[in-house]
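**Q** Quick one: structure below, then a few questions.
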Amino acid sequence: MAEPKRQIDSDPWDLLPAGQSVYDDRLADLQQTIKERGLNGVLIFDPENLFWLTGYQTIGYFTFHATFVGQTGRPTIIARIVNRDLAMAHPTIGAFEAVRDTEEPVEVLAGFLDQLGAGARIGVETNTRHLSVADYQQLAVLSECQLESWGGEIEARRVVKSDWELDCMQRAARAAEAGLRAAIDAVRPGCTENDIAAAMFEANIRAGSEYLGHPPLVVSGPATSLCFAMWRRREVRRGDVVLLEGAGCVNRLHAMLSRPVVVGPPTDEQLEAADALKGVLEAAIGAMKPGQSLRYQNKRLVRKTLKTTRFEGSAERIEHASCCSKIFGGARDHVPSHAGPEPRIEANMASIACWISG
């Protein structure tokens with residue numbers, strides 16, 4: 001049986017980014033959807049969705065972590081026993097089903113679900129990278145419940161940010177700026193990529209950022225043309241381009257910022273390329289407004305902007321490197337399910353990103 005909620009001495013709400021009413025409202029809204037679907041409950045595996053619903057954050061999701069949300073009551077965490085105390089310190093968590101290191105996690109989960117009775121309809125968050133195919137198949141064999149694919153409901157709710165979330169993102173952006181400024185100041189011939197990354201990390205954290213969900217990028221020389229290359233102790237040389245991409249995080253809400261840096265005087269071609277890319281970026285930002293289609297055609301935007309420059313032939317590359325309008329809801333992109341075949345940008349969709357690479 002799940003362990004009952006225990007009392008703690010300190011104010012439990014100190015662990016929550018927002019007040020109790022925020023999480024109560026989110027839970028009630030999700031449970032209404034569960035009832036409307038005729039489900040007895042749902043299983044959540046995405047840590048981003050769990051955090052949004054409960055305010056519970058942990059780096060322990062590298063091991064098995066499942067959350068059950070029923071039609072009523074607070075969620076139950078099914079996870080490794082070492083995660084119990086942190087989870088139960090959150091008043092948004094109702095119970096914890098412990099998985100000991102000698103136990104098989106899916107067997108523990110199946111046993112928990114079967115308390116609901118044979119044939120209980122359980123929605124399973126199958127659109128997540130945190131549930132393996134093998135675990136899902138094993139759960140389907142072991143549990144007497146009826147498992148159904150479910151997902152996207154929480155992501156759709158996360159797309160439009162509250163004023164409080166926007167404030168967190170603005171604070172995260174200030175931390176990202178501090179880290180990027182320190183990284184730029186650290187760039188000089190003879191330094192290493194690690195020196196630059198260290199300067200970025202220190203300034204970013206001192207400015208108030210939490211740990212990042214995605215490491216920053218610091219890469220120099222020829223490797224700057226390779227997407228997602230990382231720092232590897234390379235010595236920076238005069239004439240190099242150094243690609244910097246940093247971020248800040250406040251209450252798990254992120255803001256990102258990227259800049260290329262030329263070590264020494266830039267060439268005429270580099271200056272012209274920078275102007276062309278800024279033109280594409282400004283055009284993309286200008287196109288992002290309430291009512292604009294989320295499926296904005298990047299090809300027309302990029303080609304039109306680059307038509308009068310020498311980089312018109314690079315339009316296809318930039319389109320693929322992506323100058324795009326996207327709504328980031330977590331592991332995948334989501335828009336509200338009611339949005340129809342042509343979903344539109346809404347106010348407070350603050351996680352709209354224009355990615356420019358050249």
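**Q** Projected onto the charge dipole of segment 160-265 (+1 at Lys/Arg Cβ, -1 at Asp/Glu Cβ, origin at the Cα centre), which of Ala173, Pro215, Asn194 gives the Cα projection farthest towards the positive end?
**A** Of the listed residues, the answer is Asn194.
**Q** How are the C-alpha pair distances of segment 153-233 spread across 5 Å bins, as whole percents from the shortest bin up?
**A** All Cα pairs considered, the percentages come to 3, 15, 19, 19, 16, 11, 9, 6, 2, 0, 0.
**Q** Compute the signed sum of charges (Lys and Arg +1, Asp and Glu -1) over the other residues within less than 12 Å, Cβ to Cβ, of Gln31.
**A** -1
**Q** Contact order normalised by length for segment 56-105, with contacts defined as Cα pairs under 8 Å and 6 or more residues apart; what percent is it? Working shown, then result.
**A** On the way: 70 pairs, mean separation 16.3, N = 50.
With pairs under 8 Å counted, the relative contact order is 33 percent.
**Q** Another question, then. Suppose the chain between Ser149 and Glu107 were pulled fully straight at 0.36 nm per residue; how much longer would it get relative to their current alpha carbon spacing?
**A** Full-extension gain reported as 13.2 nm.
**Q** Right, something else. Using the basic label-point model (7 angstrom from Cα toward the beta carbon), what is the Tyr211 to Asp25 distance in nanometres?
**A** Each label point is offset 7 Å from its Cα along the Cβ direction, giving 3.1 nm.
**Q** How much FRET efficiency would the formula 1/(1 + (r/R0)^6) give for Phe228 and Glu269, where r is the Cβ-Cβ distance and R0 is 22 Å, rounded to 0.05?
**A** Efficiency computed from Cβ-Cβ geometry: 0.35.
**Q** How high is the FRET efficiency between Ala89 and Asp167 when r is their beta carbon distance and R₀ equals 30 Å, given to the nearest 0.05?
**A** Working: r = 25 Å, r/R0 = 0.83.
That gives a FRET efficiency of 0.75.
**Q** For Glu125, Glu210, what's the fewest-to-most ordering of other Cβ within 10 Å of each Cβ?
**A** The fewest-first ordering by Cβ neighbours comes to Glu210, Glu125.
**Q** For each of Tyr211, Tyr56, count neighbouring Cβ atoms within 10 Å of the residue's Cβ, then give the residues from fewest to most.
**A** The most exposed by this proxy come first: Tyr211, Tyr56.
**Q** Assuming R0 = 45 Å, can you tell me the calculated FRET efficiency for the pair Asp185 and Ser293, based on Cβ-Cβ distance, to the nearest 0.05?
**A** Values: r = 41 Å, r/R0 = 0.90.
Efficiency at R0 = 45 Å is approximately 0.65.
**Q** Over all directions, average the projected area of the Cα convex hull of segment 7-122 and note it in nm².
**A** If you wrap the Cα atoms of segment 7-122 in a convex hull and average its projections, you get 7.3 nm².
**Q** Next up: Among all the aspartates and glutamates, which ones have a C-alpha under 16 Å from Lys289's C-alpha, if same-chain residues fewer than 8 places away are not counted?
**A** Glu342, Glu346
**Q** Order these by the 10 Å Cβ neighbour count, fewest first: Glu97, Glu144.
**A** Glu144, Glu97
Any read-out appearing in this document is the output of simple, stated calculations on the displayed coordinates, not a laboratory observation. These figures come from a predicted structure and were not determined experimentally. Heads up, the Cβs are rebuilt from the backbone with ideal geometry, glycines too, and the neighbour counts pull from every protein chain shown.
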